[in-house]
Amino acid sequence: MKTKLILSSFLAAILMAAGPGGCAAGKCNHCQQAALAAQAKITQTQAQQTALAKVPNGTVKEGELEKENGKLIWSFDIATPDSKNITEVAVDALTGEIVTVEQETPSQHKKEKD
C-alpha cells in the first residue's frame, strides 16, 4: 500500500509539473496513462498474475491500463506455445476481478491493433 501511495504521488507530481503547456494540457499518452494509474487500486503485477491464471503456460506479450466501456481495466495479450491465437484477458483495475477472456486469431489481433 505504501508503494502504491508513493507511486500515485509521484505520478500526480509529474502531471502537475507538466502543467497546461507541458504536454498539450495532459493529453499525451504518458499523461493519460499516469492519470489512469492514479485511479487503479490493483497493480499491473497483481492484475497480470490474475490474467495468467486464466491462461495455462501463457506468456504476456503486452499489457496496458485503459478505460473500456466506462470501466478501468488492465488488458493483457497472452500467447500460448500451442497456438498462434492470442488470449486477451481484461482485469478490473479497481476490484481485481476478471472482466473478459477472449480468443483472437492473428488477423483479428492485427485488426484490433490497427
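Each value in this text was obtained by applying a stated rule to the coordinates, not by laboratory testing. Because the structure is a prediction, the values reported are computed rather than measured. For neighbour counting, all protein chains shown are included, and Cβ atoms are generated from backbone atoms with ideal geometry for every residue, glycine included.
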For the cross-link pairs 41/111; 41/84; 54/113; 41/61, which exceed 28 Å when the distance is taken from alpha carbon to alpha carbon? 41/111; 41/84
Quick one: length gained pulling residue 38 to residue 69 fully straight, 0.36 nm per residue minus the C-alpha distance? 9.3 nm
Please compute the length gained on full extension between residue 53 and residue 112, using 0.36 nm multiplied by the number of residues separating them and subtracting their Cα-Cα distance. 18.9 nm
Taking placed amide H atoms and a strict 5 Å upper bound, the residues 5 or more places from residue 78 or on another chain that come that close are 61, 87, 88, 89
Per residue Cα convex hull volume for segment 56-98, in cubic angstrom? 68 Å³
What do you get for GluC sites (Glu not before Pro) in segment 63-114 restricted to DSSP loop and a cutoff of at most 15 other Cβ within 10 Å of the site's Cβ? 97
